[in-house]
Amino acid sequence: MPGKKAAPSKPRPPLKPNADGVILLSGGNPQIPKGDGDSPVQAYIAAMPEWKSDIGRRLDAIITREVPDVKKKVRWNSPFYGTTEATWFASFHCMTKYIKVTFPDGAALEPQPAGTSKYPQVRYLDIYEGDDFDTQFADWVRQAAQLPGEKF
């Protein structure tokens, strides 16, 4: 209605660090400063809450095993994996009830991961507590590392 003002929104309480001093954002995603190399990725994985940290270690171990020269970075509070410093082929992010793995060239993977995106090439794998994903994920990582990847 003309002339009617929206009610002011309530200020959000400040985010507080967990016991390890890491702030967990929406869905429990760790707020980790951007950085290159294994160290910031391991800091992210260590800060993942509850069962998600174990899954994060498995994801990182599979990617490192399948792509021994993998380049690692943390950007936008998520670990990214690439075959060069300028591109990435996989990433993951903590959601409230699952971990979302992103493949920027996922439409080229066989079989394609089930999760679709508004971007035609992107596919997602949602991993829930107790999921058995290792074999298929390893195959997708091998395939994804052979594709052009996405530029940073």
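Readers should treat all values here as calculations from the given coordinates under stated rules, not as data from a laboratory. Note that the structure is a prediction, hence the values are computed from the model and not measured. Here the Cβ is made from the backbone with ideal geometry for all residues, glycine too, and neighbour counts use every protein chain on show.
In terms of distances greater than 23 angstrom between alpha carbons, the cross-link table entries Lys73/Lys100; Lys34/Lys118; Lys97/Lys151; Lys34/Lys100 yield Lys34/Lys118; Lys97/Lys151.
Just check segment 27-151 against the gyration tensor rule for me: Cα atoms, a ≥ b ≥ c as the square roots of the eigenvalues, rounded for a/c under 1.5, and otherwise prolate or oblate depending on whether a/b exceeds b/c. Rounded, because the longest to shortest axis ratio a/c is under 1.5.
Using Cα pairs closer than 8 Å and at least 6 residues apart in sequence, work out the relative contact order for segment 62-152, in percent.
Numbers: 166 pairs, mean separation 26.3, N = 91.
Result for segment 62-152 is 29 percent.
Please order Ser39, Ser91 by the number of other Cβ within 10 Å, starting at the fewest. Before the final figure, lay out each step's value.
Working: Ser39 11, Ser91 21.
Taking fewest neighbouring Cβ atoms as first place, the list is Ser39, Ser91.
Near the amide H of Met95, within less than 5 Å, lie the amide hydrogens of Lys100, all on another chain or at least 5 residues away, with H placed in the peptide plane.
With a 10 Å radius around each residue's Cβ, average the other Cβ atoms per peptide and rank 100-109, 65-74, highest first.
Working: 100-109: 20.9, 65-74: 16.5.
The peptides rank, most packed first, as 100-109, 65-74.
Given +1 on the Cβ of Lys and Arg, -1 on the Cβ of Asp and Glu, and no further charges, what dipole in debye does the chain carry about its Cα centre, rounded to the nearest 20?
Values: 20 positive and 18 negative charges, 230 e Å.
Dipole magnitude for the chain comes out near 1100 debye.
In the chain, Cα pairs under 8 Å separated by at least six residues give a relative contact order of 19 percent.
Tell me what the chain gives for mean residue ellipticity at 222 nm when only DSSP H runs of n ≥ 4 count, each as -39,500 (n - 2.57), the sum divided by the residue total, rounded to 500 deg cm²/dmol. Each step should come with its number before you reach the end.
On the way: 3 runs with 38 residues, N = 152.
Only helices count here, giving -8000 deg cm²/dmol.
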